[in-house]
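Chemist: Just dropping this structure here.
The values are calculated or read from the model by the stated rules, or taken from the named source; none is laboratory data. Computed from a predicted structure; not experimentally measured. All Cβ positions, even for glycine, are placed from backbone atoms using ideal geometry, and neighbour counts span all protein chains on display. These accessible areas exclude ligands, DNA and RNA; they are computed on the full protein's heavy atoms, side chains included. Shrake-Rupley method; radii C 1.70, N 1.55, O 1.52, S 1.80 Å.
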Amino acid sequence: AMRGHRGWPEQWASPEPKKRYDVIIVGAGGHGLGTAYYLAKEHGITNVAVLEKGWLGGGNTGRNTTIIRSNYLYDESAGIYDHAVRLWDGLSQDLNYNVMYSPRGVMMLAHNVHDVQVFKRHIHANRLNGVDNEWLTPEEAKAYCPPLNISRNARYPVMGAALQRRGGTARHDAVAWGYARAASARGVDIIQNCEVTGINRGPDGAVTGVETTRGTIGAAKVGVVAAGHSSVLMQMAGVQVPLESYPLQALVSEPVKPVFPCVVMSNTVHAYISQSDKGELVIGAGTDQYTSYSQTGGLHIIQHTLDAIVEMFPMFTRMKMLRSWGGIVDVTPDRSPILAKTPVKGLYVNCGWGTGGFKATPSSAHVFAHTIARDEPHRINAPFTLERFRGGRLIDEAAAAAVAH
Ligand SMILES: Cc1cc2nc3c(=O)[nH]c(=O)nc-3n(C[C@H](O)[C@H](O)[C@H](O)COP(=O)(O)OP(=O)(O)OC[C@H]3O[C@@H](n4cnc5c(N)ncnc54)[C@H](O)[C@@H]3O)c2cc1C
Ligand SMILES: CSCC(=O)[O-]
(Lines give C-alpha, C1' and ligand atoms only; values in the text may rest on other atoms or scores of the structure.)
(Ligands and ions follow the chains in the order given, each with its own letter.)
Protein backbone atom coordinates (compact mmCIF):
# COMPACT_ATOMS: atom_id res chain seq x y z
CA ALA A 1 0.00 0.00 0.00
CA MET A 2 1.14 3.57 -0.66
CA ARG A 3 2.77 5.29 2.35
CA GLY A 4 0.01 6.80 4.48
CA HIS A 5 -2.64 5.42 2.11
CA ARG A 6 -5.99 5.36 3.91
CA GLY A 7 -7.22 2.56 1.63
CA TRP A 8 -10.02 3.01 -0.92
CA PRO A 9 -12.93 4.35 1.17
CA GLU A 10 -16.43 4.65 -0.27
CA GLN A 11 -15.72 8.35 -0.71
CA TRP A 12 -13.55 10.96 1.05
CA ALA A 13 -13.00 11.68 4.75
CA SER A 14 -14.48 14.85 6.25
CA PRO A 15 -12.09 15.68 9.11
CA GLU A 16 -12.00 18.78 11.29
CA PRO A 17 -9.32 21.22 10.09
CA LYS A 18 -5.94 20.98 11.79
CA LYS A 19 -4.15 24.12 13.05
CA ARG A 20 -1.46 23.83 10.38
CA TYR A 21 -0.65 22.13 7.07
CA ASP A 22 2.31 22.18 4.66
CA VAL A 23 0.04 23.35 1.83
CA ILE A 24 -3.46 24.85 1.72
CA ILE A 25 -5.47 24.76 -1.52
CA VAL A 26 -8.39 27.20 -1.60
CA GLY A 27 -11.23 25.79 -3.69
CA ALA A 28 -12.42 22.18 -4.01
CA GLY A 29 -13.17 22.22 -7.70
CA GLY A 30 -11.56 19.81 -10.12
CA HIS A 31 -8.45 21.97 -10.44
CA GLY A 32 -8.01 22.33 -6.66
CA LEU A 33 -8.77 18.70 -5.79
CA GLY A 34 -6.57 17.52 -8.64
CA THR A 35 -3.72 19.73 -7.44
CA ALA A 36 -3.95 18.17 -3.97
CA TYR A 37 -4.02 14.69 -5.51
CA TYR A 38 -0.88 15.28 -7.60
CA LEU A 39 0.91 16.96 -4.65
CA ALA A 40 0.41 13.70 -2.76
CA LYS A 41 0.92 11.27 -5.62
CA GLU A 42 3.74 12.92 -7.62
CA HIS A 43 5.53 14.90 -4.89
CA GLY A 44 4.84 12.96 -1.67
CA ILE A 45 3.33 16.07 -0.05
CA THR A 46 0.34 14.75 1.89
CA ASN A 47 -0.02 17.25 4.76
CA VAL A 48 -2.40 19.22 2.55
CA ALA A 49 -5.84 20.76 3.16
CA VAL A 50 -8.33 21.68 0.44
CA LEU A 51 -10.66 24.36 1.87
CA GLU A 52 -14.06 24.73 0.22
CA LYS A 53 -16.66 27.33 1.20
CA GLY A 54 -19.54 25.22 -0.14
CA TRP A 55 -19.52 21.57 -1.20
CA LEU A 56 -16.79 19.97 -3.31
CA GLY A 57 -17.53 20.10 -7.03
CA GLY A 58 -20.31 22.66 -6.44
CA GLY A 59 -18.62 25.38 -8.48
CA ASN A 60 -17.94 25.43 -12.22
CA THR A 61 -16.61 21.87 -12.12
CA GLY A 62 -20.11 20.57 -11.43
CA ARG A 63 -21.85 23.11 -13.69
CA ASN A 64 -20.11 22.91 -17.04
CA THR A 65 -21.03 21.36 -20.41
CA THR A 66 -18.06 18.93 -20.15
CA ILE A 67 -16.43 19.61 -23.53
CA ILE A 68 -12.85 18.37 -23.82
CA ARG A 69 -10.57 19.44 -26.70
CA SER A 70 -7.07 20.80 -27.37
CA ASN A 71 -7.59 22.51 -30.76
CA TYR A 72 -6.42 25.95 -29.60
CA LEU A 73 -4.10 28.04 -31.75
CA TYR A 74 -0.81 28.79 -29.98
CA ASP A 75 2.06 26.43 -29.07
CA GLU A 76 1.68 27.32 -25.37
CA SER A 77 -2.00 26.34 -25.48
CA ALA A 78 -1.25 23.10 -27.32
CA GLY A 79 1.10 22.31 -24.43
CA ILE A 80 -1.40 22.68 -21.61
CA TYR A 81 -4.55 21.47 -23.36
CA ASP A 82 -3.04 18.46 -25.13
CA HIS A 83 -1.25 17.41 -21.94
CA ALA A 84 -4.77 17.29 -20.51
CA VAL A 85 -6.19 15.18 -23.36
CA ARG A 86 -3.39 12.65 -22.81
CA LEU A 87 -4.11 12.57 -19.04
CA TRP A 88 -7.89 12.23 -19.63
CA ASP A 89 -7.12 9.00 -21.52
CA GLY A 90 -5.91 7.12 -18.44
CA LEU A 91 -7.57 9.15 -15.68
CA SER A 92 -10.23 6.59 -14.70
CA GLN A 93 -7.53 3.97 -14.17
CA ASP A 94 -5.28 6.43 -12.32
CA LEU A 95 -8.06 7.48 -9.92
CA ASN A 96 -9.69 4.04 -9.76
CA TYR A 97 -12.92 5.92 -10.52
CA ASN A 98 -14.83 6.01 -13.82
CA VAL A 99 -14.78 9.63 -15.04
CA MET A 100 -16.56 8.48 -18.24
CA TYR A 101 -14.11 10.12 -20.65
CA SER A 102 -15.60 9.75 -24.14
CA PRO A 103 -13.44 10.83 -27.15
CA ARG A 104 -16.50 11.09 -29.42
CA GLY A 105 -15.13 14.00 -31.50
CA VAL A 106 -15.54 17.77 -31.25
CA MET A 107 -16.63 19.54 -34.43
CA MET A 108 -16.30 23.35 -34.76
CA LEU A 109 -18.66 24.69 -37.45
CA ALA A 110 -17.64 27.34 -40.02
CA HIS A 111 -20.47 29.62 -41.20
CA ASN A 112 -18.58 32.29 -43.18
CA VAL A 113 -15.28 32.91 -44.98
CA HIS A 114 -13.69 34.25 -41.78
CA ASP A 115 -14.61 31.07 -39.89
CA VAL A 116 -13.20 28.91 -42.70
CA GLN A 117 -9.91 30.80 -42.65
CA VAL A 118 -9.63 30.75 -38.83
CA PHE A 119 -10.38 27.04 -38.50
CA LYS A 120 -8.02 26.06 -41.33
CA ARG A 121 -5.31 28.10 -39.61
CA HIS A 122 -6.04 26.24 -36.37
CA ILE A 123 -5.85 22.90 -38.18
CA HIS A 124 -2.42 23.69 -39.65
CA ALA A 125 -1.14 25.02 -36.31
CA ASN A 126 -2.51 21.98 -34.48
CA ARG A 127 -0.90 19.55 -36.91
CA LEU A 128 2.46 21.27 -36.39
CA ASN A 129 2.04 20.58 -32.65
CA GLY A 130 0.99 16.97 -33.14
CA VAL A 131 -2.60 17.78 -32.19
CA ASP A 132 -5.20 15.98 -34.29
CA ASN A 133 -7.59 18.24 -36.21
CA GLU A 134 -9.01 17.87 -39.72
CA TRP A 135 -11.16 19.86 -42.19
CA LEU A 136 -14.55 18.46 -43.23
CA THR A 137 -16.78 19.59 -46.07
CA PRO A 138 -20.42 20.28 -45.14
CA GLU A 139 -21.34 16.83 -46.47
CA GLU A 140 -18.60 15.14 -44.42
CA ALA A 141 -19.73 17.10 -41.34
CA LYS A 142 -23.29 15.85 -41.81
CA ALA A 143 -22.03 12.29 -42.29
CA TYR A 144 -20.25 12.58 -38.94
CA CYS A 145 -23.23 14.27 -37.24
CA PRO A 146 -26.46 13.33 -39.08
CA PRO A 147 -28.77 15.77 -37.20
CA LEU A 148 -26.77 18.74 -38.63
CA ASN A 149 -28.64 21.02 -41.06
CA ILE A 150 -26.36 21.78 -44.04
CA SER A 151 -29.03 23.41 -46.17
CA ARG A 152 -27.61 26.33 -48.17
CA ASN A 153 -30.58 28.53 -47.20
CA ALA A 154 -30.02 28.20 -43.44
CA ARG A 155 -29.64 31.54 -41.64
CA TYR A 156 -25.98 30.67 -40.99
CA PRO A 157 -25.16 27.99 -43.59
CA VAL A 158 -22.48 25.44 -42.71
CA MET A 159 -19.42 26.00 -44.95
CA GLY A 160 -17.34 23.23 -43.38
CA ALA A 161 -16.05 22.12 -39.99
CA ALA A 162 -12.87 21.39 -38.04
CA LEU A 163 -13.04 17.97 -36.36
CA GLN A 164 -10.84 16.89 -33.46
CA ARG A 165 -11.59 13.18 -33.05
CA ARG A 166 -9.80 12.90 -29.66
CA GLY A 167 -12.03 15.66 -28.30
CA GLY A 168 -15.18 14.71 -26.43
CA THR A 169 -16.75 14.74 -22.97
CA ALA A 170 -16.40 13.37 -19.43
CA ARG A 171 -18.72 13.19 -16.40
CA HIS A 172 -17.87 16.39 -14.54
CA ASP A 173 -19.16 15.30 -11.09
CA ALA A 174 -17.12 12.12 -11.32
CA VAL A 175 -13.96 14.12 -11.95
CA ALA A 176 -14.43 16.01 -8.67
CA TRP A 177 -15.44 12.86 -6.79
CA GLY A 178 -12.61 10.79 -8.27
CA TYR A 179 -9.91 13.33 -7.40
CA ALA A 180 -11.43 13.90 -3.94
CA ARG A 181 -11.51 10.22 -3.09
CA ALA A 182 -8.01 9.57 -4.42
CA ALA A 183 -6.56 12.62 -2.66
CA SER A 184 -8.29 11.75 0.61
CA ALA A 185 -7.01 8.18 0.38
CA ARG A 186 -3.47 9.58 0.24
CA GLY A 187 -3.94 11.66 3.40
CA VAL A 188 -5.25 14.98 2.03
CA ASP A 189 -7.85 16.70 4.25
CA ILE A 190 -10.84 18.04 2.30
CA ILE A 191 -12.64 20.59 4.48
CA GLN A 192 -16.03 21.59 3.12
CA ASN A 193 -18.22 24.42 4.48
CA CYS A 194 -15.03 26.29 5.27
CA GLU A 195 -14.84 29.70 3.57
CA VAL A 196 -11.48 31.46 3.38
CA THR A 197 -12.04 35.04 4.57
CA GLY A 198 -8.46 36.28 4.68
CA ILE A 199 -4.92 35.41 3.54
CA ASN A 200 -2.34 36.08 6.27
CA ARG A 201 1.15 37.38 5.59
CA GLY A 202 4.11 37.68 8.02
CA PRO A 203 6.37 40.69 8.68
CA ASP A 204 8.53 39.61 5.69
CA GLY A 205 5.42 39.63 3.48
CA ALA A 206 5.41 35.86 3.02
CA VAL A 207 2.20 33.86 3.36
CA THR A 208 1.64 32.36 6.85
CA GLY A 209 -1.85 30.90 6.39
CA VAL A 210 -5.50 31.82 6.03
CA GLU A 211 -8.45 33.03 8.08
CA THR A 212 -11.56 30.90 7.60
CA THR A 213 -15.09 30.57 8.95
CA ARG A 214 -13.70 27.64 10.97
CA GLY A 215 -10.72 29.49 12.44
CA THR A 216 -7.14 30.36 11.50
CA ILE A 217 -5.19 27.70 9.62
CA GLY A 218 -1.44 28.01 9.16
CA ALA A 219 0.62 27.09 6.08
CA ALA A 220 3.75 28.37 4.34
CA LYS A 221 2.23 27.63 0.92
CA VAL A 222 -1.26 28.60 -0.25
CA GLY A 223 -2.65 27.83 -3.72
CA VAL A 224 -5.73 29.83 -4.79
CA VAL A 225 -7.92 27.84 -7.19
CA ALA A 226 -11.24 29.64 -6.84
CA ALA A 227 -12.33 30.28 -10.46
CA GLY A 228 -14.92 33.09 -10.52
CA HIS A 229 -13.93 34.24 -7.04
CA SER A 230 -10.17 34.23 -7.65
CA SER A 231 -9.89 38.01 -7.83
CA VAL A 232 -11.70 38.29 -4.48
CA LEU A 233 -9.30 35.81 -2.87
CA MET A 234 -6.17 37.36 -4.35
CA GLN A 235 -7.30 40.81 -3.19
CA MET A 236 -7.15 39.36 0.36
CA ALA A 237 -3.38 39.05 -0.13
CA GLY A 238 -3.07 42.44 -1.80
CA VAL A 239 -2.52 40.96 -5.25
CA GLN A 240 -4.50 42.29 -8.21
CA VAL A 241 -5.27 39.82 -11.01
CA PRO A 242 -6.67 40.91 -14.43
CA LEU A 243 -9.93 38.98 -14.29
CA GLU A 244 -13.55 39.76 -15.04
CA SER A 245 -16.19 37.37 -13.67
CA TYR A 246 -19.29 36.74 -15.80
CA PRO A 247 -22.30 34.42 -15.51
CA LEU A 248 -22.14 31.60 -18.04
CA GLN A 249 -25.32 29.56 -18.51
CA ALA A 250 -26.09 26.05 -19.70
CA LEU A 251 -29.23 23.94 -20.02
CA VAL A 252 -30.34 20.34 -20.57
CA SER A 253 -33.29 18.86 -22.42
CA GLU A 254 -35.53 16.00 -21.39
CA PRO A 255 -33.64 12.69 -21.79
CA VAL A 256 -34.14 10.91 -25.13
CA LYS A 257 -32.61 7.86 -26.84
CA PRO A 258 -29.07 8.28 -28.25
CA VAL A 259 -29.44 10.68 -31.14
CA PHE A 260 -26.36 12.93 -31.08
CA PRO A 261 -23.00 11.20 -31.66
CA CYS A 262 -20.44 13.92 -30.91
CA VAL A 263 -19.91 17.49 -29.71
CA VAL A 264 -20.72 20.38 -32.05
CA MET A 265 -19.68 23.98 -31.36
CA SER A 266 -20.47 27.13 -33.31
CA ASN A 267 -18.56 30.29 -32.46
CA THR A 268 -20.58 32.43 -34.84
CA VAL A 269 -23.98 31.58 -33.38
CA HIS A 270 -22.65 31.09 -29.80
CA ALA A 271 -24.05 27.66 -29.16
CA TYR A 272 -22.66 24.18 -28.51
CA ILE A 273 -24.31 20.83 -27.90
CA SER A 274 -23.68 17.21 -26.95
CA GLN A 275 -25.78 14.41 -25.48
CA SER A 276 -25.08 13.07 -21.99
CA ASP A 277 -25.01 9.34 -21.28
CA LYS A 278 -28.32 9.87 -19.45
CA GLY A 279 -29.82 11.02 -22.80
CA GLU A 280 -30.17 14.76 -22.13
CA LEU A 281 -29.04 17.24 -24.77
CA VAL A 282 -26.44 19.36 -22.99
CA ILE A 283 -26.51 22.85 -24.46
CA GLY A 284 -24.15 25.75 -23.77
CA ALA A 285 -24.41 29.47 -24.33
CA GLY A 286 -22.31 32.58 -24.51
CA THR A 287 -21.61 34.56 -21.36
CA ASP A 288 -24.05 37.15 -20.11
CA GLN A 289 -22.61 40.54 -21.06
CA TYR A 290 -22.23 42.00 -17.58
CA THR A 291 -19.78 41.18 -14.82
CA SER A 292 -21.39 39.43 -11.86
CA TYR A 293 -20.81 36.79 -9.18
CA SER A 294 -24.30 35.45 -9.81
CA GLN A 295 -24.78 31.79 -10.78
CA THR A 296 -27.83 32.62 -12.86
CA GLY A 297 -28.23 34.72 -16.01
CA GLY A 298 -30.68 36.36 -18.38
CA LEU A 299 -33.41 34.40 -20.19
CA HIS A 300 -32.56 36.20 -23.45
CA ILE A 301 -29.22 34.35 -23.54
CA ILE A 302 -31.00 30.98 -23.31
CA GLN A 303 -33.53 32.09 -25.95
CA HIS A 304 -30.77 33.14 -28.38
CA THR A 305 -28.92 29.89 -27.81
CA LEU A 306 -31.98 27.76 -28.48
CA ASP A 307 -32.73 29.79 -31.64
CA ALA A 308 -29.25 28.86 -32.82
CA ILE A 309 -29.58 25.20 -31.84
CA VAL A 310 -32.89 24.66 -33.69
CA GLU A 311 -31.47 26.46 -36.75
CA MET A 312 -28.52 24.06 -36.82
CA PHE A 313 -30.53 20.99 -35.74
CA PRO A 314 -34.20 21.39 -36.82
CA MET A 315 -35.07 17.94 -35.49
CA PHE A 316 -34.77 19.35 -31.94
CA THR A 317 -37.38 22.07 -32.52
CA ARG A 318 -39.97 20.37 -30.31
CA MET A 319 -37.56 19.08 -27.67
CA LYS A 320 -38.55 20.04 -24.13
CA MET A 321 -35.94 21.78 -21.97
CA LEU A 322 -35.60 20.42 -18.43
CA ARG A 323 -33.52 22.99 -16.55
CA SER A 324 -30.92 25.72 -16.93
CA TRP A 325 -28.30 27.05 -14.54
CA GLY A 326 -25.19 29.23 -14.46
CA GLY A 327 -21.69 29.44 -13.13
CA ILE A 328 -19.22 32.27 -12.60
CA VAL A 329 -16.42 32.26 -15.15
CA ASP A 330 -13.15 34.12 -14.54
CA VAL A 331 -12.07 35.64 -17.85
CA THR A 332 -8.61 37.09 -18.60
CA PRO A 333 -7.95 39.71 -21.30
CA ASP A 334 -6.34 37.09 -23.59
CA ARG A 335 -8.69 34.19 -22.67
CA SER A 336 -5.74 32.14 -21.41
CA PRO A 337 -5.23 30.99 -17.81
CA ILE A 338 -2.89 32.24 -15.10
CA LEU A 339 -1.02 29.29 -13.52
CA ALA A 340 1.80 30.82 -11.60
CA LYS A 341 3.72 31.99 -8.58
CA THR A 342 2.72 35.46 -7.39
CA PRO A 343 4.75 38.40 -6.08
CA VAL A 344 3.87 37.14 -2.56
CA LYS A 345 6.25 34.41 -1.27
CA GLY A 346 4.35 31.16 -0.73
CA LEU A 347 1.22 32.30 -2.63
CA TYR A 348 0.35 30.57 -5.94
CA VAL A 349 -2.62 31.15 -8.23
CA ASN A 350 -4.46 28.98 -10.76
CA CYS A 351 -7.29 30.94 -12.40
CA GLY A 352 -8.45 32.67 -15.55
CA TRP A 353 -9.79 29.53 -17.21
CA GLY A 354 -12.89 31.48 -18.20
CA THR A 355 -15.43 29.39 -20.07
CA GLY A 356 -12.95 26.66 -20.93
CA GLY A 357 -11.11 25.22 -17.95
CA PHE A 358 -12.89 21.90 -17.43
CA LYS A 359 -11.04 20.36 -20.38
CA ALA A 360 -7.71 21.30 -18.78
CA THR A 361 -8.50 19.95 -15.30
CA PRO A 362 -5.91 17.11 -15.23
CA SER A 363 -3.04 19.11 -16.76
CA SER A 364 -3.79 22.27 -14.78
CA ALA A 365 -3.72 20.27 -11.54
CA HIS A 366 -0.65 18.30 -12.59
CA VAL A 367 1.53 21.33 -13.41
CA PHE A 368 0.13 23.50 -10.59
CA ALA A 369 1.11 20.80 -8.08
CA HIS A 370 4.61 20.86 -9.62
CA THR A 371 4.72 24.66 -9.30
CA ILE A 372 3.76 24.58 -5.61
CA ALA A 373 5.96 21.60 -4.70
CA ARG A 374 9.11 22.93 -6.41
CA ASP A 375 8.35 26.65 -6.12
CA GLU A 376 8.91 27.01 -9.85
CA PRO A 377 6.62 26.47 -12.83
CA HIS A 378 6.57 23.29 -14.92
CA ARG A 379 7.76 24.02 -18.49
CA ILE A 380 4.13 23.56 -19.63
CA ASN A 381 2.69 26.33 -17.44
CA ALA A 382 5.79 28.59 -17.51
CA PRO A 383 4.26 30.92 -20.18
CA PHE A 384 1.00 31.38 -18.22
CA THR A 385 2.34 34.04 -15.88
CA LEU A 386 0.68 36.96 -14.13
CA GLU A 387 3.46 39.22 -15.48
CA ARG A 388 2.49 38.63 -19.15
CA PHE A 389 -0.23 41.26 -18.74
CA ARG A 390 2.41 43.84 -17.82
CA GLY A 391 4.92 42.88 -20.50
CA GLY A 392 2.33 42.32 -23.25
CA ARG A 393 3.45 38.77 -24.11
CA LEU A 394 -0.16 37.64 -24.29
CA ILE A 395 -1.43 34.22 -25.40
CA ASP A 396 -4.49 35.45 -27.23
CA GLU A 397 -6.96 32.57 -27.62
CA ALA A 398 -10.12 34.62 -27.97
CA ALA A 399 -10.84 32.93 -31.32
CA ALA A 400 -10.51 29.45 -29.79
CA ALA A 401 -12.63 30.38 -26.79
CA ALA A 402 -14.94 32.82 -28.56
CA VAL A 403 -17.83 30.37 -28.64
CA ALA A 404 -18.73 31.47 -25.13
CA HIS A 405 -17.19 34.91 -24.56
C1 LIG B 1 -22.09 26.84 -17.63
C2 LIG B 1 -20.63 26.54 -17.83
C3 LIG B 1 -20.23 25.75 -18.91
C4 LIG B 1 -18.89 25.44 -19.11
N5 LIG B 1 -18.53 24.56 -20.10
C6 LIG B 1 -17.24 24.16 -20.22
C7 LIG B 1 -16.89 23.16 -21.17
O8 LIG B 1 -17.75 22.60 -21.85
N9 LIG B 1 -15.57 22.83 -21.30
C10 LIG B 1 -14.59 23.43 -20.54
O11 LIG B 1 -13.42 23.12 -20.73
N12 LIG B 1 -14.90 24.36 -19.59
C13 LIG B 1 -16.20 24.72 -19.42
N14 LIG B 1 -16.55 25.64 -18.45
C15 LIG B 1 -15.48 26.25 -17.62
C16 LIG B 1 -15.07 25.28 -16.52
O17 LIG B 1 -16.23 24.81 -15.87
C18 LIG B 1 -14.16 25.96 -15.50
O19 LIG B 1 -13.14 26.68 -16.15
C20 LIG B 1 -13.49 24.95 -14.58
O21 LIG B 1 -14.42 23.98 -14.17
C22 LIG B 1 -12.91 25.65 -13.38
O23 LIG B 1 -12.54 24.66 -12.44
P24 LIG B 1 -12.04 25.10 -11.01
O25 LIG B 1 -11.80 23.87 -10.22
O26 LIG B 1 -10.94 26.09 -11.16
O27 LIG B 1 -13.25 25.95 -10.44
P28 LIG B 1 -14.53 25.56 -9.59
O29 LIG B 1 -15.02 24.21 -9.88
O30 LIG B 1 -15.48 26.70 -9.72
O31 LIG B 1 -13.95 25.51 -8.10
C32 LIG B 1 -13.60 26.69 -7.39
C33 LIG B 1 -14.10 26.48 -5.96
O34 LIG B 1 -13.61 27.52 -5.13
C35 LIG B 1 -14.58 27.71 -4.12
N36 LIG B 1 -14.35 29.00 -3.46
C37 LIG B 1 -14.54 30.24 -3.96
N38 LIG B 1 -14.25 31.17 -3.04
C39 LIG B 1 -13.87 30.50 -1.92
C40 LIG B 1 -13.45 30.90 -0.63
N41 LIG B 1 -13.36 32.20 -0.28
N42 LIG B 1 -13.13 29.94 0.28
C43 LIG B 1 -13.18 28.62 -0.06
N44 LIG B 1 -13.59 28.17 -1.28
C45 LIG B 1 -13.93 29.12 -2.18
C46 LIG B 1 -15.91 27.64 -4.87
O47 LIG B 1 -16.99 27.37 -4.01
C48 LIG B 1 -15.63 26.51 -5.87
O49 LIG B 1 -16.12 25.26 -5.40
C50 LIG B 1 -17.90 25.98 -18.23
C51 LIG B 1 -18.30 26.78 -17.15
C52 LIG B 1 -19.64 27.04 -16.93
C53 LIG B 1 -20.05 27.88 -15.75
C1 LIG C 1 -18.11 26.59 -22.63
S2 LIG C 1 -17.22 26.44 -24.09
C3 LIG C 1 -16.50 24.88 -23.97
C4 LIG C 1 -15.11 24.85 -24.55
O5 LIG C 1 -14.36 25.83 -24.39
O6 LIG C 1 -14.76 23.85 -25.15
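Chemist: Determine which single condition residue 355 fails, assuming it passes every other condition in (1) β-branched (Val, Ile, Thr); (2) within 15 Å of the chain's Cα centre (by Cα); (3) within 23 Å of residue 205 (Cβ to Cβ).
Modeler: (3)
Chemist: Something else now. Out of 87, 95, 73, 109, which single residue is closer than 22 Å to residue 262 by Cβ and open to solvent by less than 10 Å² (accessible area, probe 1.4 Å)? Show your work before the answer.
Modeler: Working: 87 fails: open to solvent by less than 10 Å² (accessible area, probe 1.4 Å); 95 fails: closer than 22 Å to residue 262 by Cβ; 73 fails: open to solvent by less than 10 Å² (accessible area, probe 1.4 Å).
Testing whether each residue is closer than 22 Å to residue 262 by Cβ and open to solvent by less than 10 Å² (accessible area, probe 1.4 Å) leaves just 109.
Chemist: Now a separate question. May I ask you to say which residue of 263, 269 is at pLDDT 95 or above and either open to solvent by 10 Å² or more (accessible area, probe 1.4 Å) or within 28 Å of residue 112 (Cα to Cα) (or both)?
Modeler: The conditions single out 263.
Condition check ((1) modelled with pLDDT under 95; (2) in contact with a Pro (Cβ under 8 Å, 6 or more places away or on another chain); (3) over 17 Å from residue 381 (Cβ atoms)) across all residues:
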residue	(1), (2), (3)
43	no, no, no
54	no, no, yes
66	no, no, yes
104	no, yes, yes
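Chemist: So which residues in the stretch 228-244 are open to solvent by less than 10 Å² (accessible area, probe 1.4 Å) and under 25 Å from residue 286 (Cα atoms), if there are any at all?
Modeler: 228, 230, listed by residue number.
Chemist: Going by the conditions given, is residue 179 aromatic (Phe, Trp, Tyr) and in a loop (DSSP other than H, G, I, E, B)?
Modeler: When the stated conditions are applied, residue 179 does not pass them.
Chemist: Of all strands (runs of 3 or more DSSP E) completely enclosed by the stretch 259-321, which ones contain at least 2 residues that are over 21 Å from residue 154 (Cβ atoms)?
Modeler: Where strands (runs of 3 or more DSSP E) fall fully within the stretch 259-321 and carry at least 2 residues being over 21 Å from residue 154 (Cβ atoms), they are 281-287.
Chemist: Of the numbered conditions (1) of a type in the set (Gly, Ala, Ser); (2) within 14 Å of ligand 1 (Cβ to nearest atom); (3) closer than 28 Å to residue 262 by Cβ; (4) over 22 Å from the mean Cα position of the chain (by Cα), residue 298 satisfies every one except a single condition; which is it?
Modeler: The number of the failed condition is (3).
Chemist: What about residue 303, is it more than 16 Å from ligand 2 (Cβ to nearest atom) and surrounded by fewer than 15 Cβ atoms within 10 Å (Cβ to Cβ)?
Modeler: So residue 303 fits the description; yes.
Chemist: Filter the stretch 136-173 for residues that are without any contact (Cβ under 8 Å) to a residue 40 or more places away in the chain and either assigned to a strand (DSSP E or B) or open to solvent by 10 Å² or more (accessible area, probe 1.4 Å) (or both) and give the result. Spell out the reasoning first.
Modeler: Residues of the stretch 136-173 that are without any contact (Cβ under 8 Å) to a residue 40 or more places away in the chain, as a first pass: 136-143, 150-153.
136, 137, 138, 139, 140, 142, 143, 150, 151, 152, 153 - these are the residues of the stretch 136-173 that are without any contact (Cβ under 8 Å) to a residue 40 or more places away in the chain and either assigned to a strand (DSSP E or B) or open to solvent by 10 Å² or more (accessible area, probe 1.4 Å) (or both).
Chemist: Which condition does residue 309 not pass, out of (1) open to solvent by 10 Å² or more (accessible area, probe 1.4 Å); (2) within 16 Å of ligand 2 (Cβ to nearest atom), if it passes all the others?
Modeler: Exception for residue 309: condition (1).
Chemist: Give the stretch 358-405 a look and list any residue that's within 16 Å of ligand 2 (Cβ to nearest atom), closer than 28 Å to residue 22 by Cα and not small (Gly, Ala, Ser), or say none.
Modeler: Within the stretch 358-405, 358, 361, 362 meet the criteria.
Chemist: Does residue 310 fit the bill of being more than 12 Å from ligand 1 (Cβ to nearest atom), more than 30 Å from residue 147 (Cα to Cα) and of a type in the set (Val, Ile, Thr)?
Modeler: No: the conditions fail for residue 310.
Chemist: A further question on this structure: List pairs: first in the stretch 218-247 and within 14 Å of residue 347 (Cβ to Cβ) and charged (D, E, K, R), second open to solvent by less than 20 Å² (accessible area, probe 1.4 Å) and assigned to a loop (DSSP other than H, G, I, E, B), Cβ under 6 Å, 6+ apart or cross-chain?
Modeler: 221/346
Chemist: Then there's this: Quick one: which residue in 54, 30, 58 is among the small types (Gly, Ala, Ser), within 28 Å of residue 354 (Cα to Cα), surrounded by fewer than 19 Cβ atoms within 10 Å (Cβ to Cβ) and within 17 Å of the chain's Cα centre (by Cα)?
Modeler: 58
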